[in-house]
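See below for the structure under consideration.
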Amino acid sequence: MKMDADEKELLESVERGEWKSAKGGKRERARYSRYAKATFRKDRRLNIRLSSKDLEAIQKRALAEGLPYQTLISSLLQVRDRAAQRDLTSDRRGVLRLSAALDHLPRAAVE
């Protein structure tokens with residue numbers, strides 16, 4: 001593997017033992033590990049009806065990204081939810097419209 005000068009200097013510094021682990025590293029890793037597991041836990045099932053057009057667009061986008069289409073739908077819902085949390089005035093009724101989420105996809109992927 002090729003390294004630039006800064007990377008080589010950093011590697012040599014680590015090999016000389018000039019670096020020490022920060023305190024609480026194991027505890028922090030365990031904490032963030034719990035966060036990650038909670039984020040990716042799939043503990044609920046949801047059945048929804050979509051138009052054929054929306055489903056085909058999602059499936060095409062998922063194929064292009066190398067993801068299962070259910071994972072892409074989940075990602076779209078999470079992105080939309082985060083955006084709604086940042087700007088609660090954008091959708092006061094809290095209604096999630098999949099077509100609105102699809103508007104954020106590049107046109108080439110959904111056509």
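Peptides 13-20, 76-83 ranked from most to least packed give 76-83, 13-20, packing being the mean of other C-beta atoms within 10 angstrom over each peptide's residues. 3J(HN,Hα) couplings calculated from phi for the stretch 34-45 with the Karplus curve 6.51 cos²θ - 1.76 cosθ + 1.60 (θ = phi - 60°) are, in sequence order, 4, 4, 4, 4, 5, 5, 9, 5, 10, 10, 9, 10 Hz; Gly and Pro show x.
Label separation (residue 48 vs residue 34): 3.1 nm, computed from points 7 Å beyond Cα along the C-beta direction.
With θ taken as phi - 60° and the Karplus curve 6.51 cos²θ - 1.76 cosθ + 1.60 applied, the whole-hertz 3J(HN,Hα) list for the stretch 3-19 is 10, 7, 4, 5, 5, 4, 4, 5, 4, 4, 4, 5, 5, 7, x, 7, 10 Hz, x standing for glycine and proline.
I need the calculated FRET efficiency for the pair residue 65 and residue 21, taking r as the beta carbon distance and R₀ as 25 Å, to the nearest 0.05.
Working: r = 36 Å, r/R0 = 1.45.
The computed FRET efficiency comes out at 0.10.
The distance from the alpha carbon centre of the stretch 38-71 to that of the stretch 9-23 is 44 Å, rounded to a whole number.
Values quoted throughout were computed directly from the atomic coordinates according to the rules given, and no laboratory measurement underlies them. Everything numeric in this text was worked out from a predicted model, so none of it was measured. Because the Cβ atoms are built from the backbone with ideal geometry, glycine has one as well, and the counts that use them run over all protein chains shown.
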